[in-house]
1. Residues of segment B:158-181 being more than 10 Å from chain A (Cβ to nearest Cβ) and either part of a helix (DSSP H, G or I) or among the aliphatic types (A, V, I, L, M) (or both), which ones?
2. Which numbered condition in (1) crowded, with 17+ Cβ neighbours inside 10 Å; (2) within 12 Å of A:Ile8 (Cβ to Cβ) is the only one that A:Asp34 fails?
3. Within the group A:Asp63, A:Asp53, which residue is of a type in the set (Asp, Glu), within 14 Å of chain B (Cβ to nearest Cβ), surrounded by 15 or more Cβ atoms within 10 Å (Cβ to Cβ) and under 27 Å from B:Leu139 (Cα atoms)?
4. Quick test of your reading of the structure: A:Gly58 fulfils all but one of (1) within 28 Å of B:Leu135 (Cα to Cα); (2) small (Gly, Ala, Ser); (3) within 14 Å of chain B (Cβ to nearest Cβ). Name the failing condition by number.
5. Checking the condition in contact with a Leu (Cβ under 7 Å, 6 or more places away or on another chain) and either farther than 30 Å from A:Ser108 by Cα or surrounded by 14 or more Cβ atoms within 10 Å (Cβ to Cβ) (or both), which residue from B:Leu54, B:Leu77, B:Leu111, B:Leu38 passes?
6. Scan segment B:138-149 and tell me whether some residue there is assigned to a helix (DSSP H, G or I), more than 7 Å from chain A (Cβ to nearest Cβ) and surrounded by fewer than 18 Cβ atoms within 10 Å (Cβ to Cβ).
7. Assess whether B:Gly354 counts as being modelled with pLDDT under 95, more than 25 Å from B:Leu118 (Cβ to Cβ), in a loop (DSSP other than H, G, I, E, B) and under 17 Å from the mean Cα position of the chain (by Cα).
8. State which residue is surrounded by the most Cβ atoms within 10 Å (Cβ to Cβ) when the search covers only segment B:381-429 and only residues that are modelled with pLDDT of 75 or more, small (Gly, Ala, Ser) and not in a loop (DSSP other than H, G, I, E, B).
Amino acid sequence: MTSHVLLIEDEPNIAEAIRFLLSREGCRVSTLHDGIGAAEAVRTERPDLVILDLMLPGCSGLDVVEAIRAHPETGDTPVMMLTAKGQGRDREAAEKAGVTLFMTKPFSNAEMLASVRALVGK
Amino acid sequence: MARAALTGTRLRERRMALGLRQADVAAAVGVSAPYLNLIEHNRRRVSPRLLEALAGRLGVDVEMLAEGAEGAQIEELRTAATALPGSGAELDRAEEFAGRFPGWAALARGLARRVASLERAVEALNDRLTHDPHLSDSLHEVLSAVASVRSTASILAETEDIEPEWRARFLKNLHGDSERLALGAEALVAFLDGSDRAEAQVGIAPQEEVEAWLAGRGWHLAELEPGGPGAAALEAEIAGLASAAARGLARDWIAVMARDAARVPLAALEPGADPVRLATMLGVEVTVVLRRLALSPGAEAGLAICDASGALVLRKPAEGFGFPRFGSACPLWPLYAALGRPGSPVTADLVAAGRGGRRFRAVAFCASRHPEGLGGVELREAVMLVAPLRGGTQPGGGAQVVGSSCRVCARGDCPARREPSILTDAAVG
């Protein structure tokens with residue numbers, strides 16, 4: 001079965017690169033460029049994995065994760081958080097919010113793909 | 001014994017400085033030379049009456065012999081010891097230590113001063129690295145561009161069967177990201193280059209520029225006092241500020257300070273005056289009096305002003321009381337209690353958290369106004385005056401221990417802490 005990944009990333013070139021990689025991996029990728037309405041999109045699209053940036057326009061990535069976790073239908077969706085802020089306290093905040101996996105930018109494509117495979121159970 | 005030990009050493013030093021023989025001084029005060037010798041070598045306690053006689057013969061005050069310049073040094077040793085509660089230093093033997101091992105005591109004092117200086121440097125640097133929006137933006141831009149370049153380049157290098165249209169798109173993205181990277185790196189270098197130049201304006205927020213200018217003027221603008229040349233006389237200085245935003249802010253503050261000067265004459269500002277009573281007497285807002293007290297010539301008091309969001313819009317530091325450069329301040333400041341209770345003065349004695357924390361008396365007041373009239377927005381401005389209190393550096397007496405911001409606060413048991421402090425466990429105590 002094709003895995004569905006919802007990618008929420010405001011940097012268009014990063015989003016394009018990830019979309020390309022995941023598409024070639026066989027994933028169906030839908031994208032959002034800000035955090036507004038992201039939690040609602042997770043509820044309606046029911047992706048197998050959410051990849052999102054920490055710093056998003058309109059709404060923090062942490063707020064999006066908390067909203068995903070708070071809803072009974074989406075609470076167990078795996079969430080991978082990307083961020084250019086790799087400090088310990090950002091990682092702690094991400095874990096507290098319920099992030100499944102925290103990945104610091106810049107990341108390698110191989111690392112990204114391995115993590116996605118692990119999280120969607122491929 | 002400890003006090004006597006120091007006194008004996010001082011007696012001997014003073015006698016030798018005057019070129020007097022021990023036997024002559026002993027005879028002059030009615031004791032034997034061997035007995036004076038024992039006193040001078042800290043082996044006998046000197047009685048108050050004999051000390052008075054020796055002081056008279058040696059031409060110094062009794063207090064100088066009894067306390068000496070070491071009084072402040074011993075206080076410094078005690079402060080250093082109490083800053084590390086688990087150190088096991090024998091506080092009751094500080095005088096003896098200083099008297100018997102003056103070199104080691106000087107070293108301990110020097111190390112304590114060095115630690116305090118380094119902590120201040122760490123605080124400033126951490127504040128800059130953690131909260132400086134210019135640095136944060138530059139770093140984020142660089143890291144985002146690097147992430148994009150890395151992923152895109154990797155795709156181009158590793159995907160042998162990539163379609164021509166995708167290849168063209170990624171090459172275009174790569175070009176765009178390389179330009180972003182160059183600009184981001186340039187901004188970062190400019191910021192870091194400017195960080196060690198006091199006069200550099202690179203990466204300095206407009207508010208900091210204005211505060212630096214006011215600090216350079218001693219936080220008082222005599223031109224604005226009644227009878228002075230007025231704001232026009234400051235225009236040349238304002239024009240010298242680096243950014244247009246800073247020039248605008250400076251003009252706003254000049255207008256506020258000019259209005260304050262017209263309402264509260266300097267002559268009315270007596271040290272230690274009750275600002276609430278003074279405001280009532282002069283028929284002005286308490287905030288006006290607080291500003292005037294802090295911004296009068298030579299005032300030692302610090303001043304913090306915040307808007308309804310709690311953001312600090314003016315920070316005049318007081319010696320020993322730190323203000324955060326960016327980000328949120330200590331939630332225990334009376335400033336914030338006042339912000340929630342417009343029209344009600346809030347006062348509290350404070351102790352600055354950390355080594356040798358000094359005591360201050362804070363008075364805060366919040367004024368609200370409604371520039372859009374009934375039904376319009378309410379604007380609040382809270383002002384806090386922080387005046388140093390004389391006598392003693394230790395917490396106690398109901399004083400609240402406060403910091404500048406959580407990240408660099410040494411208070412270990414704070415119920416209001418938002419995030420861990422970078423200060424060591426030992427320092428936090």
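1. B:Pro164, B:Glu165, B:Arg167, B:Ala168, B:Leu171, B:His175, B:Ser178, B:Glu179, B:Leu181, listed by residue number.
2. Only one criterion is unmet by A:Asp34, namely (1).
3. A:Asp53
4. All conditions are met except number (3).
5. Only one candidate passes the filter, namely B:Leu54.
6. no
7. In short, no.
8. Only one residue tops the list, namely B:Ala382.
The values are calculated or read from the model by the stated rules, or taken from the named source; none is laboratory data. All of these numbers come straight from a predicted model, not from anything done at the bench. Positions of Cβ are backbone-derived with ideal geometry, glycine not excepted, and every protein chain shown enters the neighbour counts.
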